[in-house]
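Enquirer: Can you keep this structure in mind? I'll have questions shortly.
The values are calculated or read from the model by the stated rules, or taken from the named source; none is laboratory data. All values derive from a computational prediction rather than experimental measurement. Backbone-built Cβ (ideal geometry, glycine too); neighbour counts: all protein chains shown.
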Amino acid sequence: MAPQILTVLGSTGSIGVSTLDVVARHPERFRIHALTGATQLEKLHDQCLAFSPRYVVVLAEPAAETLRARLRASGSETEVLCGEAALERVASDPAVTTVMAAIVGAAGMRPTLAAARAGKRVLLANKETLVLAGRLFMDEATRCGATLLPIDSEHNAIFQVLPRAYREAPYAGTLCAAGVKRILLTASGGPFRQRPLATLADVTPEEAVRHPNWSMGRKISVDSASMMNKGLEVIEARWLFNADVDDIAVVVHPQSIVHSMVEYVDGSVLAQLGAPDMRIPITYGLAYPERAESGAASLDLFSVGRLDFEAPDLARFPCLRLAFEALRAGGAATAVLNAANEVAVAAFLDRRLGYTGIPALIDAVLAECEGQTCAESLDALMDADALARERADAWLGARR
């Protein structure tokens, strides 16, 4: 069997690093065509030496010049490209069969869409693509014959336990016709699941990025603490699985062993379990429909001992409520939600906004942008994203 040829969008992030770990375990099955990153030039340099990609892409020309010089000095023949157009180029390159879409934030949307339009196998780890442009992206993926495999552990779990015919073509039918009653997204509850509500205003960035189960980047760790991450996953699930908002429920499961569940109309509930290691869903996506060794530890249920489940507390996690409300509102509301959240989290990490200010900012921006945006095209959605960021910055400025 010919090896898969990969572009890894966001190779220096946690998902990208885990992807390359899996690739290194199976050199006969996977080869790297292109890597992309932004500021971690040392890591990009080392990845290029280890995997010898044809291309490496960075966003800024000064970074590109620095990386070119370093690679030349190391004897590497990898060509350094620069800019957003280069990201789309390596995502849609005819030589590429598979694209790992792991760029965090709205910056990952255009190259991921380019991969779908080129009919690639897209391993989707970028939430914002579906949060910003879910209907547009799914329409393009279907029209162009792209294969879409979710990499988030929760969506990957749902994908695994849905009927195969439905998971591979969800828009050819309905969940109800497939015998599915609802999708149950599990959430760890993050580091503040039991913290006294009165102390949440005192949360520091250091506390928010200290997830009890997962090792992730700073932005996604804050999103996990606020449960905005789960709200974005609800929006993703709506589009990935052709589900109505009322078909999706969130279940807090602090052990992060059950990665998600599907409830069927006959009363059966099927779940996917595994150690909290992102190499498991990454390997599933890379090898699908086969299985391959991931390097993850085996799940020891005797050590786990117990599995707990509880309903999410929306007073503790208002970001989750806001995500459901934006999804119900439709149009560009989820794009506004995502953009406002990105601004709020960045301000929190920079200590310009308190932790409880994150949902306050998002709520205010959603209210200000209501009726002023549309979702008719990618350009319209990007306009909504820009408007939300402008309003979020103004909100922050008014409180200095």
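Enquirer: With the structure loaded, tell me whether residue 115 is hydrophobic (A, V, I, L, M, F, W, C) and under 17 Å from the mean Cα position of the chain (by Cα) or whether it fails that test.
Expert: Values: hydrophobic (A, V, I, L, M, F, W, C): yes; under 17 Å from the mean Cα position of the chain (by Cα): yes.
Yes, satisfied.
Residues are listed down the side, and each one gets a yes or a no for (1) touching a helix residue (DSSP H, G or I) at 6+ places or on another chain (Cβ under 8 Å); (2) among the acidic types (Asp, Glu):
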| residue | (1), (2) |
| --- | --- |
| 220 | yes, no |
| 224 | yes, no |
| 229 | yes, no |
| 235 | yes, no |
| 244 | yes, yes |
| 251 | no, no |
| 257 | yes, no |
| 262 | yes, no |
| 270 | yes, no |
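Enquirer: Just checking, which of 24, 95, 63, 86 is within 24 Å of the chain's Cα centre (by Cα), small (Gly, Ala, Ser), within 23 Å of residue 114 (Cβ to Cβ) and assigned by TED's automatic domain parsing to the domain that holds residue 120?
Expert: When all the criteria are applied, what remains is 86.
Enquirer: Going by the conditions given, is residue 343 under 21 Å from residue 111 (Cα atoms) and not assigned by TED's automatic domain parsing to the domain that holds residue 131? Give the steps one after another, and end with the answer.
Expert: On the way: under 21 Å from residue 111 (Cα atoms): no; not assigned by TED's automatic domain parsing to the domain that holds residue 131: yes.
Answer is no for this residue.
Enquirer: Evaluate the following for residue 111: is it outside the structural domain of residue 378 (by TED's automatic domain parsing) and either on the phi > 0 side of the Ramachandran plot or not in a helix (DSSP H, G or I) (or both)?
Expert: no
Enquirer: Which one is nearest to residue 347 (Cα to Cα) among residues in segment 380-399 that are at pLDDT 90 or above and of a type outside the set (A, V, I, L, M)?
Expert: Filtering first and then ranking leaves 393.
Enquirer: Continuing with this model, one more query. If you go through segment 302-329, how many residues are of a type in the set (A, V, I, L, M, F, W, C), surrounded by fewer than 16 Cβ atoms within 10 Å (Cβ to Cβ) and in contact (Cβ under 8 Å) with a residue 40 or more places away in the chain?
Expert: The qualifying residues number 6.
Enquirer: On the given criteria, is residue 375 of a type in the set (A, V, I, L, M) and either at positive phi or at pLDDT below 95 (or both)?
Expert: yes
Enquirer: Now a separate question. Does any residue of segment 346-355 turn out to be of a type in the set (Asp, Glu) and free of Cβ contacts under 8 Å to residues at least 12 places away in the same chain? Even if it seems obvious, please write down each step before you answer.
Expert: First, the residues of segment 346-355 that are of a type in the set (Asp, Glu): 350.
Going one step further and asking which of them are free of Cβ contacts under 8 Å to residues at least 12 places away in the same chain, we end up with 350.
Within segment 346-355 (the criterion being of a type in the set (Asp, Glu) and free of Cβ contacts under 8 Å to residues at least 12 places away in the same chain), the answer is yes, since at least one residue qualifies.
Enquirer: Among helices (runs of 4 or more DSSP H) lying entirely in segment 258-376, which contain 1 or more residues that are farther than 30 Å from residue 4 by Cα and not polar (S, T, N, Q)?
Expert: 301-304, 318-329, 333-349, 357-369
Enquirer: Please work out if residue 332 is more than 18 Å from the chain's Cα centre (by Cα) and surrounded by 24 or more Cβ atoms within 10 Å (Cβ to Cβ).
Expert: For residue 332, the condition - more than 18 Å from the chain's Cα centre (by Cα) and surrounded by 24 or more Cβ atoms within 10 Å (Cβ to Cβ) - is met.
Enquirer: For segment 195-243, which positions are of a type in the set (D, E, K, R), more than 16 Å from residue 129 (Cβ to Cβ) and at pLDDT below 90?
Expert: First, pick out the residues of segment 195-243 that are of a type in the set (D, E, K, R): 195, 202, 206-207, 210, 218-219, 223, 230, 233, 236, 238.
Keeping just the survivors that are more than 16 Å from residue 129 (Cβ to Cβ) gives 195, 202, 206-207, 210, 218, 230.
Selection gives 210, 218.
Enquirer: Which of the residues that make up segment 54-98 are under 21 Å from residue 111 (Cβ atoms), assigned to a loop (DSSP other than H, G, I, E, B) and of a type outside the set (A, V, I, L, M, F, W, C)?
Expert: Passing the criteria: 54, 78, 83, 93, 94, 97.
For every residue, the table says whether it meets (1) farther than 18 Å from residue 103 by Cα; (2) modelled with pLDDT of 95 or more; (3) among the aromatic types (Phe, Trp, Tyr); (4) surrounded by fewer than 22 Cβ atoms within 10 Å (Cβ to Cβ).
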{"residue": "19", "(1), (2), (3), (4)": "no, yes, no, no"}
{"residue": "29", "(1), (2), (3), (4)": "yes, yes, no, yes"}
{"residue": "32", "(1), (2), (3), (4)": "no, yes, no, no"}
{"residue": "43", "(1), (2), (3), (4)": "no, yes, no, yes"}
{"residue": "55", "(1), (2), (3), (4)": "no, yes, yes, yes"}
{"residue": "70", "(1), (2), (3), (4)": "yes, yes, no, yes"}
{"residue": "73", "(1), (2), (3), (4)": "yes, yes, no, yes"}
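Enquirer: Can you find a residue that is touching a strand residue (DSSP E or B) at 6+ places or on another chain (Cβ under 9 Å), in a strand (DSSP E or B), within 19 Å of residue 273 (Cβ to Cβ) and in the same structural domain as residue 251 (by TED's automatic domain parsing) anywhere in segment 153-166?
Expert: Initial filter on segment 153-166 (touching a strand residue (DSSP E or B) at 6+ places or on another chain (Cβ under 9 Å)): 153-163, 166.
Going one step further and asking which of them are in a strand (DSSP E or B), we end up with none.
Within segment 153-166 (the criterion being touching a strand residue (DSSP E or B) at 6+ places or on another chain (Cβ under 9 Å), in a strand (DSSP E or B), within 19 Å of residue 273 (Cβ to Cβ) and in the same structural domain as residue 251 (by TED's automatic domain parsing)), the answer is no, since none of the residues qualifies.
Enquirer: Go through segment 6-65 and give me each residue that's among the polar types (S, T, N, Q), within 14 Å of residue 76 (Cβ to Cβ) and in contact with a helix residue (DSSP H, G or I) (Cβ under 8 Å, 6 or more places away or on another chain).
Expert: To start, the set of residues in segment 6-65 that are among the polar types (S, T, N, Q) comprises 7, 11-12, 14, 18-19, 36, 39-40, 47, 52.
From what is left, the residues that are within 14 Å of residue 76 (Cβ to Cβ) are 47, 52.
Once the filter is applied, which keeps residues that are among the polar types (S, T, N, Q), within 14 Å of residue 76 (Cβ to Cβ) and in contact with a helix residue (DSSP H, G or I) (Cβ under 8 Å, 6 or more places away or on another chain), segment 6-65 yields only 47.
Enquirer: Where in segment 169-246 are the helices (runs of 4 or more DSSP H), entirely inside, with at least 1 residues that are of a type in the set (Phe, Trp, Tyr) and surrounded by 14 or more Cβ atoms within 10 Å (Cβ to Cβ)? Give the steps one after another, and end with the answer.
Expert: On the way: elements: 205-208, 218-226, 228-240.
Here the list reads 228-240.
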